[in-house]
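Taken together, the values in this text are just the output of simple stated rules run on the coordinates, not laboratory data. Quick caveat, the model's predicted, so the values are computed rather than measured. In this analysis, Cβ positions are derived from the backbone assuming ideal geometry, glycine residues included, and neighbour counts consider all displayed protein chains.
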Amino acid sequence: MTNEPFGPRPRRMLDPGRIILYSVLIVAAIYYLLPLYIMVMTSMKGMPEIRLGNIFSPPVEVTFEPWVKAWDTACTGLYCEGLKVGFWNSMQILIPSVIISIVIASVNGYALSFWRFRGSEVFFTILIFGSFIPYQVMLYPLVIITRELGIFGSLTGIIFIHTIFGMPILTLLFRNYFASLPMELFKAARVDGAGFWGIFLKILVPMSPPIFVVAIILQVTGIWNDFLFGVIFAGTKNFPMTVQLNNIVNSTQGVKEYNVNMAATILTGAVPLLIYFISGKLFVRGIAAGAVKG
Amino acid sequence: MIGFRAALAATTMLGGLSVASATDLEVTHWWTSGGEAAAVAVFADAFNKTGHNWVDGAIAGGGNARPIIISRISGGDPMGATQLNTGRDAEELVKAGLMTDLTEIAERDGWADFIRPAKLLDSCRYEGRIYCVPVNIHSFQWMWLNRGVFEDNGLEIPKNWNEFVAAAPALREKGVIPLAVGGEAWQINGMAGVFQVALGGVELFRKINVDRDLEAAAGPQMTQVFEAIGTARGMVDDGFVGRAWNDAANMVITGKAGAQIMGDWAQGEFSVAGQKAGEDYDCLPGLGVYPVLDTGGDAFYFPKPADDNPEVVAAQLEMASLLVSKEVQVDFNLKKGSLPIRGDIDLSAANDCMQKGIKILENPDNILPGGEQSWSSDTTGQMEDLWVEFFNDPDMPVEEAQARYVEIIENAD
Amino acid sequence: MADDAKPNPYFKNLNAKVAAMPMIFTTLVVFVGCSLWTVIYSFSASRSLPVNEFVGFAQYDRLFNTSRWNKSVENIAIYGVVSLCFSLVVGFVLAALMDQKIRFENTFRTIYLYPFALSFIVTGLVWQWILNPTLGLQKAVRDMGWESFSFDLISHRDTVIYALLIAGIWQGTGFVMALMLAGLRGVDDDIWKAARVDGIPKWKTYLFVVIPMMRGVFVTTLVIIASGIVRLYDLVVALTKGGPGIASEVPAKYVYDFMFERGNVGQALAASTVMLTTVLIILIPWVYLEYGQKKRV
């Protein structure tokens, strides 16, 4: 492996180094895939099969009933509407939250790397510290703050919360990324008379799709999967999908319907998963193109 | 429809406001198991029939629901009504002036005359005013047995704990898990309370839970309780970590397990599964040794609406009155498996197990206070931690556990 | 303090300050404000709602004498160290392997990354099932005839922490891998060429040339992993609910339970304060290293 040429695609597939390389990758892939495999298989089995068979065997009789049920009719409390209501609520929370938090964090990162002002590093350090504060600790004071701002229990409230909690990691990402860009670019732009916003919008943003992709991935995942904030700050009308998922998964009516639970789980994970499948390519391609880094 | 008229009267009384028009009330609760959901539906239907609209806000898991409920009330986004445990949590919200005062309606309907045991209403009282409605009586003092499991394996159906202990090895041999338990701490804590009564009798239970008698807590009878929990430890399966109570109940229903020590809400699961008391399953109040009941229960609170909207308040009072009305109490409790909070109603439709419970309640000596009346949720939490730690740690000496128990009682509030 | 680092010291920087207003608000009001609030009320006898009745160190006294808290601290320490090492090493190794111009890179990357897209509710549910000895892997293998096979990490109090680790690492390493891969792709090809010309073995190049160059990536990764560890909560709730017994309790769960379920805000805030202090103690040397000595460029 040590002599592996770092160049174009290998010619010999039976190189022992390559065999080890692929074996390791495949073993790792099995570990990562196992739960997904079980989820998908289980979600397509009927309940009798689940009770009798083992979790690894593929379904004998494939059924999509659990999927329909999870989406459309699974019950929580009195309502049997499945996940579909939560899906749109989650979208309503997700889209503005992602956009606003990324806009703010990218400007932060930019200010922190090119326009440092007295105390800016102090704020940044506190921000990083903030990323270590357990959410649970902040709930009480945040309820008070949002109440005073008059946005508790509303869409604005939940967007506000997601913006705050996305800020530390996103700012760190943008700051590190911008810091790795050559200072000459910035200086040249300054000489050309470009201002704070001009440099940001005309020079930096166009150079930064990879980091925006990373930020989007992080935020979509975090916000879509959030349960705690959504349930407290969003208000009943806006309960996100994870609340329904929790209700379906944790409220068994009679027999625990593993197949419906698994289908509900996959459905809830579908949006972030999709983002990963689509942007995973962009992610690496973008970074490979952004050779300025390093 | 006594309740309806009473509510109207109350509305006028409370300031001569307009006749109650259709109002949406969002009701939060954590009743999401099969039996529980069926019981909630009784409330919702009854309320909807009054022309108002029950907006269901179920959140699975009390641990998820409570923070949401409390933070929403204190955050100024109150729901119309909510299930909440009586006790300190609620008391502080009441103290902060966040709950609608129900005294008018309670006096009008004469709650104090029919709600029994009277303690239930006391726990809703703060400075002489009433802030919640008890809707049922729940007792942890039950053991549920699958008759088929014993019969099919040629075993006598145990009539008390000791017989059950004797039968356990035989069950195990036949591949049946003797005792179904869940992984949540409150389940184990509740089980310990059941053993307290079954092994130490009413006296021990009262000494500890009412008098906070440290000697009793350190005494030999309590040692037996610890040992019994140790015995129970040997009767469970490996898969209990993280299991919910209703999944454990389901193990008994399906015959995977022989029995479960669980409150009467478990009965809701049996009836949802179409099982019949006395035919498919049996129940042993007080583990068949001392048939008494503790009287915990659920209560509904009505947070003050944001702008003290009189229409919402009127609808709240109407719902409060409705929840304890005769008809609703019968239907609700039959579905829930709990006992009604009033003794003046006809429960001939109740099954064998509920009848047993009603009979026990007739004698006031058989009534023990429920956990939330005895201890703050903080103290209960400490007990839960201790019991669940002890239950899972065979290496923990009984003396050490008991010493810690005494310490908790000593510092209890 | 940072003024000397930027190119135009004479510029007033007004725009930057305006642009940073949301950040300033967040840091001062939310993070500093909430932390102070936490510390102050940790000395109070607050029950369900915060009250101004101060009782000195009583809450701390109780905290440090509670076996559940001590177990929580021990657990988070084990979980933290193991998962930090594993995530970094596994993440980096996978990234390095992926960087060998392999076939099906997209497929592998997606496979490693997808768990990160799932919520902890999901992760907990699936792993609870796989790890449950009466339902999952153990049963499956036994059904295939290997009767003595045992895989019941989750049922025993001394091994349950590894069950948490298996699930936690499953979810987290993919993202670490992605970040590392991004870092590796940022390394100039010329460096590899130079290393090859000099005959430096590849592992040495990684260890002594590439990794030091990826400092920024490592810092980011470290912050992400470490903040996840401190906050570890959802996974525990979904997977074990802290059990068996108290064997998989963690500090964040202690805080949450006391704050809401047990109506003892004072105790919860004392636990939070201990957590915050610990984080500060760990972060201060890092802050010092990062900003204390040198300025960039």
Item to check | Low-density loop cleavage sites - GluC sites (Glu not before Pro) in the range A:46-129, where at most 16 other Cβ are within 10 Å (DSSP) | outcome: A:GLU61, A:GLU81
Checklist entry - Helix hunt in chain C: which complete DSSP H runs extend at least 24 Å axially by C-alpha with mean Kyte-Doolittle at least -0.5? => result C:67-98, C:160-185, C:265-287
Checklist outcome for this item: Sorted by chain and number, the residues with a modelled amide H under 5 Å from that of B:ALA299, at a separation of 5 or more or across chains, are B:LEU84, B:THR86, B:VAL135
Checklist outcome for this item: The long-range amide H neighbours of B:ALA60, using H built 1.01 Å from N in the peptide plane and a cut-off of under 5 Å, are A:ASN247
Checklist entry - Residues with amide H under 5 Å of C:SER44's amide H, sequence separation 5 or more or different chain, H placed in the peptide plane at 1.01 Å from N; which? => result C:VAL55
Item to check | Under Karplus coefficients 6.51, -1.76 and 1.60, residue-wise ³J(HN,Hα) of the range A:226-237 in Hz, glycine/proline x | outcome: 5, 10, 4, 5, x, 6, 8, 9, 7, x, 4, 5
Item to check | Reference-scaled alpha-carbon Rg (2.2 N^0.38 Å with N residues) for the range C:142-230 | outcome: 1.64
Checklist entry - In the range C:87-194, which trypsin sites (Lys or Arg not before Pro) fall in coil by DSSP and have 15 or fewer other Cβ atoms within 10 Å? => result C:LYS101, C:ARG103
Next on the checklist: How would chain C be classified by its alpha-carbon gyration tensor: rounded, prolate or oblate, with rounded meaning a/c under 1.5 and the a/b versus b/c comparison settling the rest?
Outcome noted: oblate
Item to check | When the range B:293-413 is reduced to its Cα atoms, the Kirkwood hydrodynamic radius in Å | outcome: 18.1 Å
Checklist entry - Past the 21 Å Cα-Cα mark, which pairs from A:LYS84/A:LYS237; C:LYS101/C:LYS193; B:LYS174/C:LYS139; A:LYS256/C:LYS71; B:LYS207/B:LYS359? => result A:LYS256/C:LYS71; B:LYS207/B:LYS359
Checklist outcome for this item: Candidate cut points under GluC sites (Glu not before Pro) in the range B:95-184, DSSP loop plus at most 11 other Cβ atoms within 10 Å of their own Cβ, are B:GLU127, B:GLU156
Item to check | Reachable lysines from B:LYS95, criterion Cα separation under 24 angstrom, eight or more residues apart if same chain | outcome: B:LYS119, B:LYS304
Checklist entry - Ordered by packing density, taken as the mean number of other Cβ atoms within 10 Å over each peptide's residues, highest first, how do C:230-240, C:209-219 rank? => result C:230-240, C:209-219
Checklist outcome for this item: GNM on chain A, Cα springs under 10 Å; top mean-square fluctuation among A:MET44, A:MET262, A:MET183 goes to A:MET183
Checklist outcome for this item: Rounded to whole angstrom, the alpha-carbon centroid of the range B:216-285 lies from that of the range B:68-131 at a distance of 32 Å
Checklist entry - Within straight cross-link reach of B:LYS49, meaning Cα distance under 20 Å, which lysines are found once same-chain residues fewer than 8 apart are removed? => result B:LYS326, B:LYS335
Checklist entry - Gap in Å between the Cα centre of the range C:226-262 and the Cα centre of the range A:213-272? => result 19 Å
Checklist entry - What order do you get for C:LEU165, C:LEU63, A:LEU274 when you list them from fewest to most C-beta neighbours inside 10 Å? => result A:LEU274, C:LEU165, C:LEU63
Next on the checklist: Sequence gap at least 6, Cα distance under 8 Å: using those rules, report the relative contact order of chain B to the nearest whole percent.
Outcome noted: 28 percent
Checklist entry - By the gyration tensor of its Cα atoms, with a ≥ b ≥ c the square roots of the eigenvalues, what is the shape of the protein assembly as shown: rounded for a/c under 1.5, prolate for a/b over b/c, or oblate? => result prolate
Checklist entry - Per 5 Å bin from zero, what fraction in whole % of the C-alpha pairs of the range A:16-67 is there, up to the bin with the longest pair? => result 4, 20, 21, 15, 11, 10, 9, 6, 3, 1
Checklist entry - What value, in deg cm²/dmol to 500, does the helix sum -39500 (n - 2.57) over DSSP H runs of n ≥ 4 give at 222 nm once divided by the residues of chain A? => result -22000 deg cm²/dmol
Item to check | Tilt relative to chain B, helix B:2-13 - C-alpha long axis, 0 to 90 degrees, to 10 | outcome: 50 degrees
Next on the checklist: Suppose we flag trypsin sites (Lys or Arg not before Pro) only when DSSP calls them loop and at most 10 other Cβ atoms lie within 10 Å. Which is the longest uninterrupted stretch of chain A?
Outcome noted: A:13-294
Next on the checklist: Going Cα to Cα from C:LYS253, which aspartates and glutamates come in below 18 Å? Please leave out same-chain ones fewer than 8 positions away.
Outcome noted: A:ASP226, B:GLU184, B:ASP378, B:GLU384, B:ASP385, B:GLU389, C:GLU74, C:ASP234, C:GLU261
Item to check | Estimated translational D of chain A in µm²/s (Stokes, Kirkwood radius over Cα pairs; 4 °C; 1.567 mPa s) | outcome: 58 µm²/s
